Amino acid sequence: MDIKFSPLGFLIPLFFVVTFLAPQVKSRAFFVFGDSLVDNGNNDYLITTARADNYPYGIDYPTRRPTGRFSNGLNIPDIISEAIGMPSTLPYLSPQLTGENLLVGANFASAGIGILNDTGIQFVNIIRISKQFEYFEQYQLRMNALIGPEATQQLVNQALVLITLGGNDFVNNYYLIPFSARSRQFALPDYVVYLISEYGKVLRKLYELGARRVLVTGTGAMGCAPAELAQHSRNGECYAALQTAAALFNPRLADLIASINAEIGQDVFVAANAYQMNMDYLSNPEQFGFVTSKVACCGQGPYNGIGLCTPISNLCPNRDLYAFWDAFHPTEKANRIIVNQILTGSSKYMHPMNLSTAMLLDSTRI
């Protein structure tokens, strides 16, 4: 099934996917790994500056309160959960993640992390990807006690997994400061090769831990974030260095995913071209109902791109008119456009298949 994307009607195919898929995948767990784009609130339980626990974060969330999501409302995992007819996964560190809630899955993501362990060191206490995997193993031990080892293995093997990494390795590492340690160690093309090599180890470890259907998002259009415009743009043009980094990284990631699938002998990993998904609405914001794709809804300074979103920041009255919520993160509306392409997008966006096709294939095996 390959539904073509219509900017003005993106809710129609999404509604179709929700109503068509949900009855078939009710028992499917969902696991999330990665950074702030997919963190559902783990960092709220840590002593770190990488937090989204203050107003106006969560202003459009059902509770109208901050949840630790770097969004005005729902983030990408929430919207995927919605589409497959499941409640949102809880953060792994949440005390509510017990009993039957464990059957839904868990979100292990932590704002600020990257592929590399030295990414995000300025945030001090964050859950690096190796630790997220330790927690995933811990989760499986907890499930063993709850439903037994065989049922746990089945639950993990049949689960949907999302992993989002890479952006911080550029924004909060290589380009964090002029002459950063990594930029002195590697020319950009060599750094990308190194990142891809390390990401390969991450993805193979995820397979080793039992994941059998993994959605892997590439980096978005990092240079177009309001934070980057505020620092580097004179006329609203995207920061070329970060755009070049994305252009080098994403095709190599797609090649890596194809290579690992070939090693395994089946299409376990699905590549999502987040860069193209971003550029569609960033290049033509009006076509998607946005008044701007450059100015953040919440922030201060040029493009509202300086510093954090806080109670004293500028705040737009209608978040649906803005592509960016804060200096780096999309609004819920932009997240919905991204998820729609993940679910129903053509091979321009998803390879080797979109998520709705993958889910239909998997439903015949569950």
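The values are calculated or read from the model by the stated rules, or taken from the named source; none is laboratory data. As the structure is a prediction and not an experimental result, all values here were calculated from the model. Ideal geometry is used to build each Cβ from the backbone, glycine not excepted, and the neighbour counts take in all protein chains shown. Calculation scope for accessible area: heavy atoms of the full protein, side chains included, ligands and nucleic acids excluded. Shrake-Rupley method; radii C 1.70, N 1.55, O 1.52, S 1.80 Å.
Within segment 79-102, being farther than 16 Å from ASN43 by Cβ and in contact with an Asp or Glu (Cβ under 9 Å, 6 or more places away or on another chain) holds for ILE79, SER88. The sole residue among LEU102, LEU74, LEU97, LEU116 that is in contact (Cβ under 8 Å) with a residue 40 or more places away in the chain, in a loop (DSSP other than H, G, I, E, B) and over 18 Å from ASP326 (Cα atoms) is LEU116.
Just one of the listed residues (ALA358, ALA296, ALA272, ALA334) is more than 27 Å from TYR194 (Cα to Cα), within 16 Å of the chain's Cα centre (by Cα) and of a type in the set (Gly, Ala, Ser), and it is ALA334.
Out of everything in segment 312-366 that is at pLDDT below 95 and outside any loop (DSSP other than H, G, I, E, B), what residue ends up being most open to solvent (accessible area, probe 1.4 Å)?
This residue is LEU361.
Filtering segment 148-177 to residues that are open to solvent by 50 Å² or more (accessible area, probe 1.4 Å) and without any contact (Cβ under 8 Å) to a residue 40 or more places away in the chain leaves PRO149, GLU150, GLN154, ILE177. Among the residues of segment 184-202, those identified as of a type in the set (A, V, I, L, M) and surrounded by 23 or more Cβ atoms within 10 Å (Cβ to Cβ) are VAL192, LEU195. Of the candidates VAL268, VAL295, the single residue that is touching a strand residue (DSSP E or B) at 6+ places or on another chain (Cβ under 8 Å), surrounded by 18 or more Cβ atoms within 10 Å (Cβ to Cβ) and more than 29 Å from LEU160 (Cβ to Cβ) is VAL295.
Residues are listed down the side, and each one gets a yes or a no for (1) in contact (Cβ under 8 Å) with a residue 40 or more places away in the chain; (2) touching an Asp or Glu at 6+ places or on another chain (Cβ under 6 Å); (3) closer than 20 Å to GLU228 by Cβ:
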site	(1), (2), (3)
PHE269	yes, no, no
ASN278	yes, no, yes
VAL295	yes, no, yes
ASN304	yes, no, yes
CYS309	yes, yes, yes
ILE338	yes, no, yes
LEU361	no, no, no
